[in-house]
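Comments concern the structure below.
The values are calculated or read from the model by the stated rules, or taken from the named source; none is laboratory data. Every value quoted in this text rests on a predicted model; they were computed, and no experiment measured them. Positions of Cβ are generated from backbone atoms using ideal geometry, with glycine treated the same way; all protein chains shown enter the neighbour counts. Note: areas computed on protein heavy atoms with side chains; ligands, DNA, RNA excluded. Shrake-Rupley method; radii C 1.70, N 1.55, O 1.52, S 1.80 Å.
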Amino acid sequence: MTVDRRESLRAFGAFVAGAGTAPSQPQSAGGPETGLLAPVLELVNATEFESMARLVLPPARYQSISGGHRRSFDKMTFRQRLMVYAMDLDLTTELFGYEMFAPIIVGPVANQGELHADGELGTARGAAAAKAIMVATSESSHPIDQIVSASGEPVWSQVYAESSRAGSDASRAVAAGCKALCVTIGVSADGAPIATNWDTVQQLTQAVNVPVIVKGIMSVGDARTALERGADGLVVSNHGGVVGGHSALPVDVLPAVADAVNGRVPILVDGSFRRGTDVLKGLALGATAVLVARPPMWGLAAYGAEGVQTVVEILQTELARNMAMSGRPTISMIDRELVRFDKW
């Protein structure tokens with residue numbers, strides 16, 4: 001019997017996603033160790049998918065999506081509220097007029113065709129099956145109109161502020177049906193740190209009729225400048241350590257940015273989110289939603305669309321479970337008092 005996930009949240013305090021269905025056969029990129037893959041539905045957390053991706057990818061490609069810096073998450077614990085009725089869980093989150101099933105978005109990763117033959121089309125199908133928004137990049141392996149067509153959920157497009165193609169990429173994405181534009185600052189399409197041309201950001205905010213979210217905010221000053229230039233939202237991100245290294249992770253600067261913005265626009269965050277507890281910490285520190293990029297790519301590499309779906313649903317399940325355990329059964333009840341920083 002297949003149990004509706006939203007009803008499972010209300011009735012049991014956890015997801016039962018696709019219960020009773022038989023595991024499908026893995027559809028991987030076809031590495032020499034493909035036969036060693038575990039059935040996708042037997043994996044119980046996102047990090048297990050990283051091990052599966054390692055089996056099917058060439059070492060250099062695996063290294064590009066592996067790892068993560070955990071110290072900032074590991075120093076946080078929760079102050080739980082006891083005696084709170086938590087059976088009617090609801091992860092619903094409104095963002096730019098769209099009601100998301102949960103505040104978890106599949107973040108942008110370039111050239112996904114190098115991970116799996118289906119590339120971004122598999123990611124679009126998997127994210128949609130998990131009721132999640134996907135962010136496609138201008139450096140995708142498939143045209144943006146095909147990616148949008150493959151998804152049953154909103155697709156956003158990422159463009160690079162410093163690219164000479166930024167304007168045409170943005171126009172093409174909006175014409176294809178993308179519901180928001182994610183403008184990346186501080187890094188080029190090939191991953192090199194560069195200075196931000198804020199004039200380009202402002203031109204893009206004025207040129208399209210969809211929300212423009214500036215990605216790459218790592219200071220209060222940049223947050224304020226982005227708002228001055230017309231940003232409709234912000235993503236606190238250091239582009240995987242490309243900007244500023246790993247001395248300060250996005251979740252470290254998130255509270256200060258959230259305080260400075262003070263609710264004027266939604267704030268998103270990415271960077272080493274691997275567990276539902278990580279997502280809960282990000283929400284408590286001021287994020288409206290969290291972008292996860294590498295974990296869905298582990299799922300894509302090893303299992304195609306089904307791997308993406310399963311990774312996202314695992315994170316949704318873990319978030320729901322920890323919201324209930326913390327006495328915050330709805331998104332609106334998550335506050336900064338939930339998080340305690342361990343001085344050690």
Exercise. Using a 1.4 angstrom probe on heavy atoms only, work out the carbon and sulfur share of the accessible area of the chain in %.
Key: 50
Quiz item: Can you give the helix-only mean residue ellipticity at 222 nm for the chain, where every DSSP H stretch with n ≥ 4 adds -39500 (n - 2.57) and the sum goes over all residues, rounded to the nearest 500 deg cm²/dmol?
Solution: -11000 deg cm²/dmol
Quiz prompt | Convex hull per residue volume in Å³, alpha carbons only, for the stretch 195-343 | solution = 143
Quiz item: Label-point separation (nm) for A260 and R340, each offset 7 Å from Cα along Cα-to-Cβ?
Solution: 3.0
Practice problem: Could you give log10 I(q)/I(0) at q = 0.12, 0.20 Å⁻¹ for the stretch 106-262, computed by the Debye formula over C-alpha point scatterers of equal weight, without solvent? | Solution: -0.49, -1.29
Quiz prompt | the chain: DSSP helices with Cα axial extent of at least 20 Å and average Kyte-Doolittle hydropathy no lower than -0.5 | solution = 305-325
Quiz item: Stokes-Einstein at 25 °C, 0.890 mPa s, Kirkwood radius from Cα pairs: D for the stretch 248-314 in µm² s⁻¹?
Solution: 193
Quiz item: E48 to A117: extension gain in nm, 0.36 nm per residue of separation minus the Cα-Cα distance?
Solution: 22.7 nm
Practice problem: Between N209 and E94, take the C-beta separation as r, use R0 = 25 Å, and let me know the FRET efficiency to the nearest 0.05. | Solution: 0.80
Quiz item: Looking only at Cα atoms, what is the convex hull volume of the stretch 82-160 per residue, in Å³?
Solution: 129
Quiz item: When the distances between all Cα atoms of the stretch 74-122 are binned every 10 Å from zero, what whole-number percent does each bin get?
Solution: 18, 22, 34, 19, 8
Practice problem: Take the chain, drop everything but the C-alpha atoms, weight them equally and run the Debye formula without solvent; then report log10 I(q)/I(0) at 0.07, 0.14 Å⁻¹ to two decimals. | Solution: -0.26, -1.14
